[in-house]
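Notes follow the structure.
The values are calculated or read from the model by the stated rules, or taken from the named source; none is laboratory data. Since the structure is predicted, the reported quantities are computational estimates derived from the model, not experimental observations. Virtual Cβ from ideal backbone geometry, glycine too; neighbours counted across all protein chains shown.
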Amino acid sequence: MKIEEIENIELKFLNLDDYQELKIAMLAAYTNMPGAYWKEEHIKSLIEKFPDGQVVIKINGQLAGVALSIIVDYDAYDVEHTYEQITGNYSFNTHNDDGDVLYGIEIFIKPQFRGLRLGRRLYDYRKELCEKLNLKSIVFGGRMPNFHEYADELTPKEYIAKVRRKEIQDPVLNFQISNDFHPAKVMKGYLEGDAESNDFAILMEWDNIYYQKPSKKAATKKTIIRLGLIQWQMRPYKDLDELLQQAEYFVDAVSGYRSDFALFPEFFNAPLMAKDNHLSTPDAIRELAKHTEAIVQKFSEFSISYNINIITGSMPEMIDGRLYNVGYLCRRDGSMERYEKLHVTPDEAKVWGMQGGHQLKAFDTDCGKIGVLICYDSEFPELSRILADEGMDILFIPFLTDTQNGYSRVRNCAQARAIENECYVAIAGSVGNLPNVQNMDIQFAQSMVFTPCDFSFPTNGIKAEATPNTEMILIADVDIDLLRELNQFGAVRNLKDRRTDLFELRKK
């Protein structure tokens, strides 16, 4: 399946209604192991014992992949255990809610859906589940489907070493290592009938660095959100494809750190105007607007492929003959939302003939509610207060400023928004210069993440900051639970203490 054919992608809990589709998918995935599929009674048992451990990915409503797991008391098993032993002869009576290890029973992607990084999405879910349940690690017996080709000349240990050095390609082992699992032991006779692996398997492990003993189960809701800010270098690009290649490079970089969001700057695509520099500035930016639809579509594909929510910064867009400054929230489930710059700067209005937008709303995401204000909009406190009233936890501000004066306005206002609305604020801008693009010749930026100023946060209200005027990414974790505590128990309570008996704020 091609990415552009995806209308919706969902990670859902497995239920018994999925069984027939699951059976067909397993037969398609394991063509070299005839009859290798779970019986309905097995799936029913798994769901009853540990529903949170059984998940599927569905694309356009069709089952595309599955991950099955149990919790075990790992010390109760010999390190030389078999698949049959760890599953209790496939009864899953070995599952123990009070165990300390998440044991992977099954994971696969249907052949027609491979190449979309869906496997990484399933592994990410397992890691988050492991952290949430405060389990020590994730363990499973990994196949070596290409080992039979080298069994006459290499031992399993030598084979693993060559795979790790990229001298041999093993699709399963390569994928597991790239997802931070490490080989712990080679086991003989682990999975009956696995001729491709020559009856060997590798015990793979992923260690939960947040594990604490004694075990105390964490809250089910995800509260630690990882932000990836892209401080974009303005440079010439020969065409749209080259610009998108650079954008994908950064998406790949921040998603590699398991970021939940990627934030691009305002007008990051401005270098494409260079070829139209012979035109008047109003005509040149209208030519740039012709690329917006293609860029947004590609960013939506990136969000699905790299399992990350993307705030696309902003781009010019023509609607009914009028020019607007807009951006899109591309969610990793395939859905999209549009936001607009409501206050255009005097320069945007005078030089380009740009219009202010009309839409203001907070957006629901799989990491809570967020808001987006483009550059100049951050300097109008009413907007972010309305978003805060709608439940916003994180405010994203893509910006473009040419001088340090302009940057200071955005920076200082963004930090004020974090304090007065008890939220996190992330700002990302562009650096460098574009000598061949009129009205876009110089840029100044320092991307940052701001917090409220209270005892649970940095004393200066700065969670993370990039190096000024340097192309880079900035990664920062923010804890939503701290905002809840601030709202109830903060030294000051900016939201609760408003004098609504004297004033009110509302959208028309």
Considering the stretch 93-123, residues that are among the polar types (S, T, N, Q) and closer than 26 Å to Tyr211 by Cβ, and then whichever is surrounded by the most Cβ atoms within 10 Å (Cβ to Cβ), we arrive at Thr94
Which one is surrounded by the most Cβ atoms within 10 Å (Cβ to Cβ), of the residues in the stretch 257-289 that are in contact (Cβ under 8 Å) with a residue 24 or more places away in the chain, out of contact with any Lys or Arg (no Cβ under 7 Å at 6 or more places or on another chain) and among the charged types (D, E, K, R)?
Glu266
With the condition kept exactly as written, say whether any residue in the stretch 70-81 is more than 26 Å from Ser137 (Cα to Cα), surrounded by fewer than 18 Cβ atoms within 10 Å (Cβ to Cβ) and in the same structural domain as Cys130 (by TED's automatic domain parsing).
no
Please list, ordered by first then second residue, the pairs with beta carbon atoms under 6 Å, 6 or more apart or interchain, first in the stretch 380-393 and free of Cβ contacts under 8 Å to residues at least 12 places away in the same chain, second outside any helix (DSSP H, G or I).
none
Can you name the condition, by its number, that Arg126 falls short on among (1) closer than 19 Å to Leu14 by Cα; (2) out of contact with any strand residue (DSSP E or B) (no Cβ under 9 Å at 6 or more places or on another chain)?
(2)
Output the residues belonging to the stretch 246-291 that are under 16 Å from Glu471 (Cα atoms) and not aliphatic (A, V, I, L, M).
Gln246, Glu248, Tyr249, Phe250, Asp252, Phe264, Pro265, Glu266, Phe267, Phe268, Asn269, Pro271
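Is it the case, given these coordinates, that Gln438 is buried (at least 19 other Cβ atoms within 10 Å of the Cβ) and more than 17 Å from Ala418 (Cα to Cα)?
Details: buried (at least 19 other Cβ atoms within 10 Å of the Cβ): no; more than 17 Å from Ala418 (Cα to Cα): yes.
No.
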Please find, within the stretch 148-179, the residue that is nearest to Thr87 (Cα to Cα) out of those that are in contact (Cβ under 8 Å) with a residue 40 or more places away in the chain and not in a helix (DSSP H, G or I).
Asn179
Return the residue satisfying two criteria in turn: it lies in the stretch 425-439 and is farther than 23 Å from Val478 by Cβ and part of a loop (DSSP other than H, G, I, E, B), and of such residues it is modelled with the lowest pLDDT.
Asn439
Go through (1) part of a loop (DSSP other than H, G, I, E, B); (2) of a type in the set (Gly, Ala, Ser); (3) in contact with an Asp or Glu (Cβ under 8 Å, 6 or more places away or on another chain) and name the single condition Gly391 misses.
(3)
Scan of the stretch 449-458 for residues that are surrounded by fewer than 24 Cβ atoms within 10 Å (Cβ to Cβ) and either in a strand (DSSP E or B) or in contact with a Ser or Thr (Cβ under 8 Å, 6 or more places away or on another chain) (or both), ordered by number:
Cys453, Phe457, Pro458
Subset of the stretch 461-485, residues modelled with pLDDT under 90 and more than 17 Å from Leu227 (Cα to Cα), comes to Arg484, Glu485
Say we look at the stretch 342-394 and pick out the residues that are of a type in the set (A, V, I, L, M, F, W, C) and loosely packed, with under 15 Cβ neighbours inside 10 Å; which of these is farthest from Leu227 (Cα to Cα)?
Ala349
So, Thr401, is that one assigned to a loop (DSSP other than H, G, I, E, B), hydroxyl-bearing (Ser, Thr, Tyr) and crowded, with 21+ Cβ neighbours inside 10 Å or not?
yes
Can you tell me which residues in the stretch 303-315 are surrounded by fewer than 24 Cβ atoms within 10 Å (Cβ to Cβ) and farther than 25 Å from Glu5 by Cβ?
none
Which pairs have Cβ atoms under 8 Å, sit 6 or more apart or on different chains, and link a residue in the stretch 318-334 that is within 25 Å of Asp364 (Cα to Cα) to one that is in a strand (DSSP E or B) and among the small types (Gly, Ala, Ser)?
Asn325/Ser314; Val326/Ser314; Gly327/Ser314
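In the stretch 53-90, how many residues are part of a loop (DSSP other than H, G, I, E, B) and among the acidic types (Asp, Glu)? Please lay out each step first, then the result.
Kept after step one, since they are part of a loop (DSSP other than H, G, I, E, B), are these residues of the stretch 53-90: 54, 60-61, 73, 77-82, 87-90.
Then keep just the ones that are among the acidic types (Asp, Glu); that gives 73, 78, 80.
Summing the residues that are part of a loop (DSSP other than H, G, I, E, B) and among the acidic types (Asp, Glu) in the stretch 53-90 gives 3.
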If you scan the stretch 440-493, which residues turn out to be more than 20 Å from the chain's Cα centre (by Cα) and among the hydroxyl-bearing types (Ser, Thr, Tyr)?
Thr451, Ser456, Thr459, Thr467, Thr470
Just one listed residue, out of Gly432, Gly461, is assigned by TED's automatic domain parsing to the domain that holds Pro398 and out of contact with any Ser or Thr (no Cβ under 8 Å at 6 or more places or on another chain), and it is Gly432
Being at pLDDT 95 or above, closer than 26 Å to Leu11 by Cα and in contact with a strand residue (DSSP E or B) (Cβ under 7 Å, 6 or more places away or on another chain) is true for just one of Ile71, Ile105. Which residue is that?
Ile71
